Each structure stands twice: as C-alpha cells, then as structure tokens.
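K.L.:
Right, I'll just put the structure down here and ask away after.
Values in this text are rule-based calculations from the coordinates and carry no lab data. Just so it is clear, the model here is predicted, and its values are computed rather than measured. In this analysis, Cβ positions are derived from the backbone assuming ideal geometry, glycine residues included, and neighbour counts consider all displayed protein chains.
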Amino acid sequence: MKNDDMAEVDLAKGQRTALFASAVTFGLAAVKALIGYGFHSPLLVADGFHTFSDFTVIFASWFGLFLAARKKTERFPYGLYKAETLVSFIIGLLVTWAAIEVFLEGVRKFGPPASTGAFPVLPVTVSCVSMAIGYFLARQEGSVGNEINSQSLKTIAQDSYLNIAVSFAVLAGILAAWFSIPYVEGVLLVIISLLVLKLGLETIWFSLLILLDANLDRPLQSDIIREISDIQGVTGVRNVKIRQAGPFRLVECNIESSPNAPLYQAHGVADRVEEHIKANFPYIESVYVHVEPGKSKTTVAIIPVRDVDGLNSRVYDHFGRAPYFIVVKIGGNGVEIEDFYYNEHLGKKGKIHVGIKVIRELTRYGLNTLFTSQIGEISFHMLKDAFVDIYKAREDESVAEVIERFRHGDIEVLKAPTHTAEKSLAEGVIRTEGNES
C-alpha cells in the first residue's frame, strides 16, 4: 500500500528524474545541432532536432508528475493522478509524430551519399557520447519508473533505448557518407522509425484505456477476490473494480456479509477488507468497500439435541448443556446430516463454560447458523463475532420441524442471549453437582 506520504515521496522522485533527464537531453540536443551545423553534417543537425523533440516529451512527463503530486482539493477529491496519464497520451502523440519524421528522413536518405572529405571526428564523437548518455538516462528512467509505477517514465525510458539505436544509425550514416556507401543510412532510419512508431501507438492506446477506466489488471482483480474471500465475515464477493489513476490504483469492492449482522459488525468487515487490501497490494491509493446482505447457498447449521435419531432428534433446552449436537447442511438439494457430535465436556468434574469449548470444536465444520432453545451470554457473543446467525428453536421439536420452519421463514432470529453469563455459570455448577450425586 502506498499511503499519501509515500505517494508524495514517489512522485517527487519521479519529478526529479524527469527534470534531470530534461536538462541533459536539452543540452545534448543543443550540442548536436551546433556541432552538426559547424561541421556541415545535416544528419547530425537532424538528430539534434530529433533529440529536442525527446526533450519536449521528457519535459511533458515532468509536468504530468508535477500535476499528479498536487494535494487533493474539494474540486479534485481524487487528486490529479490522471494528469500523468493524460501527459502519457500526449507523449504518445509526440513519439508517433517523431517516428513519422524519422521515417520520412530515412526515405529521403535512400541513394548514394556524397563524400564529406575529411574524417568527421567531432560528429562521430558526439554520436558516441550521445549513445552513452542515452543508455544512462534510459537505465535511470526505467528504474525509477518501475519503482514508482509511472507509465510516462517507463515510456520515455523505452524511447531513450530507441534513441540509442537512432544515434547508432546516425553514426553509421555519418560513416557511410564518408565512405560513400549507399542506402545504409536510409534503411537504418526506416527500421528505427517503425520501432518508434510502435512505441508511440502503444502508449496512445494504453493511455486511452486508462482514461476510459478500462480494467487493465485482471490478475490483481483475481488476487484481491481470492484474498478477501477468506476474511471472517465475508460470505461472498460480488465484484471488484480497479481503476488506474497515474501510477496508482483505486479499488471498489462489493462484498456480502450475514444479513443478520448488526451495522457495527458490517462496518467492521468493511474495515478489515480495506486494511487487508492496503496492507497486501502495492500502489493502491484508496479502497471503497460496500457491504450488502447476502445468504450462503449452503447453510451449515448446528442444533443441540437430546438424542441421536437423525432428523427426528429432539431439540435440547440449552445450548452448552446439550448431550449431542447435530450438524446439518441445508441447500437447494435438501438436507444432509454432516455429523453427530457428542458433548464430552459434560461429564468432566468442575468444568465450566462448556458452550465455549463446544463452539471451538464445532467451528471446524464451517458453521454459519445455530438453532437453539436457549443460549448464554458468552456463547451468544462468541458465535455472533464469528458471524453465525442464531435462530430460536422450540424445546423438544424435531430437527426436521426446525429446518422446515427455517425454510418457510417462520422462525425467530435471536438478537440477544436468553440468559446472562452468571446464570449459565450457576446452572453449570448445579448440573455438575447433580451429575456427581
């Protein structure tokens, strides 16, 4: 997760890199143009103008990062992160225009060149130095671009690598002209122009997709869904939307939770989902979580019973003191008995809070529903904290009758325990003493 302070640091680092690259590129363009003009090398002069167009691209990237780093305001509550994407779009247009210019220059260079006489030492030196500087800038821009996830910096890094090839073509053209070798310069410029054109068109297309809020990160979307599905209280994930804004991402989640969960619990689930996403996924600037009531397709329920007789087993009058618990799955295909659990804690001398021990052992079934006649305060809140829905069963009715009423919606939701923790403790002591006698 990139919080506001970290985002400011990243954007500032990107600005410094782009501004430094702008200054170096502008100086290099001036040197190429002056040396080319002084030594009568039209090719080097043309390369100087091409480098100046690179300066405008890099400077535009700096300006985009500068805008993206501005504070959020009432007018722009989401920040100006997309300014960086807009500038990337403009960069794509400039790169495409430069590619067309290089292509046309390459076509003009087909044919036998005229010899330039003396060996062009300084133009050759400038071209070699240009390649070295281009490599340094490309490494720096690419490294920082990947570190802060800046699309514009990554784009100009790729363009810088291509500029190395352009400088190499210029060097080859200068040498070919001196050796009077035909076609070399033109062919190299045409090939390079096509590579630059591909970069420009890809940048335009990718920037347009971001500006139109296209879903560009399906793997991240799948990872988020998988991660938040395992968070306690989340019964389903309806959808996850990801929007990219400059180097950052904005996430919207629609999740489902228990329909009987109180408002504070639903807010707690939303907070846990938000914190989990921010802690585990980088470059997510904000997370919006909407919680909707949902119902699991399969209800896994436990019912305290007095005997073991399948669906004819009878409901016991107390949750924690029941001799047995039936575990059932209620789905669209009917009712399936998962297990019968024997309450072994009842016969242990001096044992209290039996319900808590039972709950800890029954959670392995993945239960989400309880039907009971009575339940103590501690057990009630422990189950509710685990997002288990609790319904009021009638003492001595059969399990089949409880399930039938549940399916018809004719069963009361228990919103509070039926008795206090003190009463549960007193009853437990009395029943333990009765067992001993």
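K.L.:
Place the peptides 15-24, 371-380 in order of packing, highest mean first, counting for every residue the other Cβ atoms within 10 Å and averaging per peptide. Kindly include the intermediate steps, with their values, before the conclusion.
P.N.:
Numbers: 15-24: 19.8, 371-380: 23.1.
Highest to lowest by the protection proxy: 371-380, 15-24.
K.L.:
With helices defined as uninterrupted DSSP H runs, which ones in the chain have an alpha carbon span along their own long axis of at least 15 Å and mean Kyte-Doolittle hydropathy of at least 0.5?
P.N.:
Sorted by number, the helices that extend far enough and score high enough are 4-38, 42-68, 82-108, 121-148, 151-179, 184-211.
K.L.:
I've got another one for you. Provide the gained length on full extension for the span Arg314 to His290, in nm with one decimal, where the gain is 0.36 nm per separating residue minus the Cα-Cα distance.
P.N.:
Details: separation 24, 0.36 × 24 = 8.64 nm, distance 4.06 nm.
Residue separation times 0.36 nm, minus the Cα-Cα distance, leaves 4.6 nm.
K.L.:
Please give the peptides 400-407, 313-320 ranked by average Cβ packing (other Cβ atoms within 10 Å per residue), highest first, as a rough proxy for protection. Spell out each step's value before the answer.
P.N.:
Numbers: 400-407: 17.2, 313-320: 22.0.
With the highest mean Cβ count within 10 Å placed first, the list reads 313-320, 400-407.
K.L.:
From the residues Leu250, Ile231, Ala266, which one has its Cα farthest along the dipole of the range 192-291 in the positive direction, the dipole being from +1 and -1 charges on Cβ of Lys/Arg and Asp/Glu about the Cα centre?
P.N.:
After comparing all options, I get Leu250.
K.L.:
Same structure, new question: Percent of alpha carbon pairs in the range 53-194 separated by more than 21 Å? Provide the component values of the computation, followed by the final result.
P.N.:
Working: 5224 of 10011 pairs.
Tail of the P(r) past 21 Å holds 52 percent of the pairs.
K.L.:
Another question about this same structure. With label points built 7 Å along Cα→Cβ from the Cα atoms of Trp97 and Ala386, find their separation and express it in nm.
P.N.:
6.7
K.L.:
Near the amide H of Gly376, under 5 Å away, which other amide H atoms are found, from residues 5 or more places off or on another chain, if H is placed in the peptide plane?
P.N.:
Under 5 Å from the amide H of Gly376 lie the amide H atoms of Phe319, Gly320, each far enough along the sequence or on another chain.
K.L.:
What is the order of Leu370, Leu199, Leu209, fewest Cβ neighbours within 10 Å to most?
P.N.:
On the way: Leu370 24, Leu199 21, Leu209 14.
Least crowded to most crowded, the residues run Leu209, Leu199, Leu370.
K.L.:
Show me the ranking of peptides 408-415, 89-96, 200-207 by mean Cβ neighbours inside 10 Å, starting with the highest. Can you show the working numbers first?
P.N.:
Values: 408-415: 11.6, 89-96: 20.6, 200-207: 19.0.
With the highest mean Cβ count within 10 Å placed first, the list reads 89-96, 200-207, 408-415.
K.L.:
Rounded, prolate or oblate: which fits the chain, taking a ≥ b ≥ c as square roots of the Cα gyration tensor eigenvalues, rounded meaning a/c under 1.5, else prolate when a/b beats b/c? Spell out each step's value before the answer.
P.N.:
Numbers: a/c = 4.50, a/b = 3.89, b/c = 1.16.
Prolate is the answer for the chain, as a/c is 1.5 or above and a/b outweighs b/c.
K.L.:
List the residues whose amide H sits under 5 Å from the amide H of Val237, counting only those 5 or more places along or on another chain, with H placed 1.01 Å from N in the peptide plane.
P.N.:
Here Glu256 satisfy the definition.
K.L.:
Give me the dipole magnitude in Debye, nearest 20, for the chain about the Cα centre, with unit charges on the beta carbon: positive for Lys and Arg, negative for Asp and Glu. Can you show the working numbers first?
P.N.:
Working: 42 positive and 49 negative charges, 169 e Å.
Rounded to the nearest 20 debye, it is 820 debye.
K.L.:
At a Förster distance of 60 Å, what's the computed FRET efficiency of Asp396 paired with Asp217, Cβ-Cβ distance as r, to 0.05?
P.N.:
On the way: r = 57 Å, r/R0 = 0.95.
Once rounded, the FRET efficiency stands at 0.60.
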